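Note sheet for the following structure.
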Amino acid sequence: MLPDAAALEGRLMAVWDVVRADTLDALGGRATWDEIADEVMASGYSVDPGLVEEINLLPFPEQQKLFQKAFGAGSRY
C-alpha cells in the first residue's frame with residue numbers, strides 16, 4: 001500500500017523547518033524546490049526516520065509532485 005502523499009506534506013515541512021537555516025545559509029539564502037527536496041531527503045532519517053522510506057514507496061513522478069506542492073516551484077527565502 002502506498003503512503004498518502006498529502007499526509008506526507010506536513011512531515012516534509014517539519015523536516016524543512018529543522019534544516020532550513022543551515023540549508024539556506026549553504027546555498028546563499030535561496031533554494032529551489034528540488035534543492036530543498038534533496039536536503040529534506042538527506043536529513044529526513046535524523047528528524048523523521050520513517051519519512052524517507054514512505055516517500056521512496058511513491059512512484060518517482062508522485063515524489064516530484066509532492067515536493068513541488070510542498071516547496072513550491074520557485075525559490076524559497
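The values are calculated or read from the model by the stated rules, or taken from the named source; none is laboratory data. Since we're looking at a predicted model, the values are computed, not measured. Positions of Cβ are generated from backbone atoms using ideal geometry, with glycine treated the same way; all protein chains shown enter the neighbour counts. Keep in mind that these areas ignore ligands, DNA and RNA; they rest on the heavy atoms of the full protein, side chains included. Shrake-Rupley method; radii C 1.70, N 1.55, O 1.52, S 1.80 Å.
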(request) Evaluate the following for residue 5: is it open to solvent by less than 60 Å² (accessible area, probe 1.4 Å), of a type in the set (A, V, I, L, M) and at pLDDT below 90? (result) yes
(request) Among the numbered conditions (1) under 12 Å from residue 8 (Cα atoms); (2) without any contact (Cβ under 8 Å) to a residue 12 or more places away in the chain; (3) touching a helix residue (DSSP H, G or I) at 6+ places or on another chain (Cβ under 7 Å); (4) not hydroxyl-bearing (Ser, Thr, Tyr), tell me where residue 27 comes up short. (result) (1)
(request) Search region 34-55 for residues that are within 16 Å of residue 23 (Cβ to Cβ) and pair each with any residue that is part of a helix (DSSP H, G or I) and open to solvent by 70 Å² or more (accessible area, probe 1.4 Å) when their beta-carbon atoms are under 6 Å apart and the residues are at least 6 apart or on different chains. (result) 47/18
(request) Residues being buried (at least 18 other Cβ atoms within 10 Å of the Cβ) and within 9 Å of the chain's Cα centre (by Cα): count how many of those fall in region 9-42. (result) 9
(request) Counting only residues that are aliphatic (A, V, I, L, M), give me the helices (runs of 4 or more DSSP H) lying completely in region 14-77 with at least 3 of them. (result) 33-47, 51-57
